[in-house]
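The values are calculated or read from the model by the stated rules, or taken from the named source; none is laboratory data. Source: prediction; values computed, not measured. FYI the Cβ positions are ideal-geometry reconstructions off the backbone, even for glycines, and counts take in every protein chain you see. SASA here: full protein model, heavy atoms, side chains in, ligands and nucleic acids out. Shrake-Rupley method; radii C 1.70, N 1.55, O 1.52, S 1.80 Å.
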Amino acid sequence: MNPDYICRRTPSLNESQDSVIELKKAGGIAVDDMGYAMSRLDTESDLFDDGNDITEAGSSNRTDEPLRKVDDEIAQLTNISSGPPGGLCQFMPGKQQLPVSPVRMLAGREGNFSGRGRFSSADCCHMLSRYLPVHGPWLVDQTTSRAYVSQFSADGSLFVAGFQGSNIRIYDVDKGWKVQKNILAKSLRWTVTDTSLSPDQRHLVYTSISPIVHIVNVGSATIESHANVTEIHEGLDFISDEYRGYSFGIFSVKFSTDGRELVAGSSDDSIYVYDLEANKLSLRIVAHTADVNTVTFADESGNLIYSGSDDNLCKVWDRRCFIAKDKPAGVLMGHLEGITFVDSRGDGRYFISNGKDQTIKLWDIRKMSSDTSCNLEFRNHEWDYRWMDYPPKARDLKHPCDQSVATYKGHSVLRTLIRCYFSPKYSTGQRYIYTGSHDSQVYIYDVVTGAQVAVLKHHTSPVRDCSWHPYYPMLVSSSWDGDVVKWEFPATEKHPPLRTRRESGANNTIEGDS
């Protein structure tokens, strides 16, 4: 599949009028119980000029509390990367509204109002971001084991799913989701906590509640990869020399963009950096005062690292200028409970975090500080997210020193380290934030307005992870119910109906803990 096809193959005016479905804001016609509303198909061009605001999907599960508006700079950056051309809005007749319809976009291109004679990347994003992957779902896999990880490769050709029952499956997306490699993990403790594909997609690393990270050759011809039986799963030792004999677990691992290093967050409050070329641990930072649940590189340089911990704090680490050992470049406060995941916008400036206080927060690292004194009293020590519901009285609490740029609410973060992400840059201009949820759903928020634009309902257990295809309107969610399913727009191919577990064959089942 060629991702450039999306923008190259632009429909004619007549094709667009016959094929475009506009998704109205909340209060539109509910077509089913999927959690979004959609208007009827209308081939009249005045559909796009009727004066109504248009959003791609609306949620039937919105919160009544107004969300804190995002600041002007990130709003401007988002609108630049996913907004319509200014020339089109200036010269095209009729009412000016967003989003601009495909008919008007095509007319603007034919009239060369942009002066480029073609669609820019922002124009493509403006077109594609209208069509959220909310149709379906269709089954990718169904197991008897909890799914903990689901990740597309950087080019979208591969998909990785990790399960509690020791299995990690790599699917070839371009070949009908055929299983390319079925990995049986070695020395698994409790579950696969994380996986990461190398940038060249030749190797995969996986982690567990263990200080040993295993690496597998993804490119080999062997489909059934059983650790040290059919293939060698090399163990990378993350125990530093001064802590020999001490054990811990690793919750998060990421390849650097050049594939030369791994960064990991652990249960011993530390961040680890492993040099793959030298085959040794290169850095250990005692980063937090509680479990480091999540780490990621901020950008392609690999110099900045973001971390999130059960001490409620997000921290920024600059490897070029450590002022003192284990001292961060800055700290960001705002969450009232521990942080389960962080995802970088990739620009070395903005990132998001999912928190056990049931919120996602958007951060600008230029607002970070070194003083954390006002953070200490806000940890709720009487509450444990692993088995208790979030206290209703805590939902209205606000951090007095909140440094976040925006807060997004509606989903639920309980029982497991639920993950959140920016939507893809290529197809949406990172216009959205999406997240799994303890209530078995996937939530999609608008970065700028904070609105829930879609809620995807299918699963019967917590959705720990989900992944949006980097180029196409396709999202895959995985759940503790064992289902891995995909959502799309449009639904262009016929898919078999979802099977019940009784109907599932033995070849489609992974044995493991429930």
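Miscellaneous remarks
- For the stretch 241-345, the set of GluC sites (Glu not before Pro) satisfying both a DSSP loop assignment and a count of at most 13 other C-beta atoms within 10 Å is given as 277, 300.
- Packing-based ranking, highest mean first, of 134-145, 392-403, 467-478 given that Cβ atoms within 10 Å are counted: 467-478, 134-145, 392-403
- Global size of the stretch 195-286: 13.1, 40 Å for Rg and Dmax (C-alpha atoms, Rg to one decimal, Dmax whole).
- Extent of the stretch 264-390 along its three principal axes (Cα atoms, max minus min coordinate, largest first): 45, 29, 25 Å.
- Remark: the stretch 410-466 is approximated by an ellipsoid whose semi-axes, taken from the C-alpha gyration tensor as √(5λ), come to 20, 11, 10 Å, largest first.
- Those trypsin sites (Lys or Arg not before Pro) in the stretch 243-278 that DSSP places in a loop and that have at most 14 other beta carbons within 10 Å: 244
- Shown here for the stretch 222-319: chymotrypsin sites (Phe, Trp or Tyr not before Pro) in loop regions (DSSP other than H, G, I, E, B) with at most 11 other Cβ atoms within 10 Å, namely 246.
- Accessible surface of residue 374 - all protein chains present, 1.4 Å probe, nearest 10 Å²: 30
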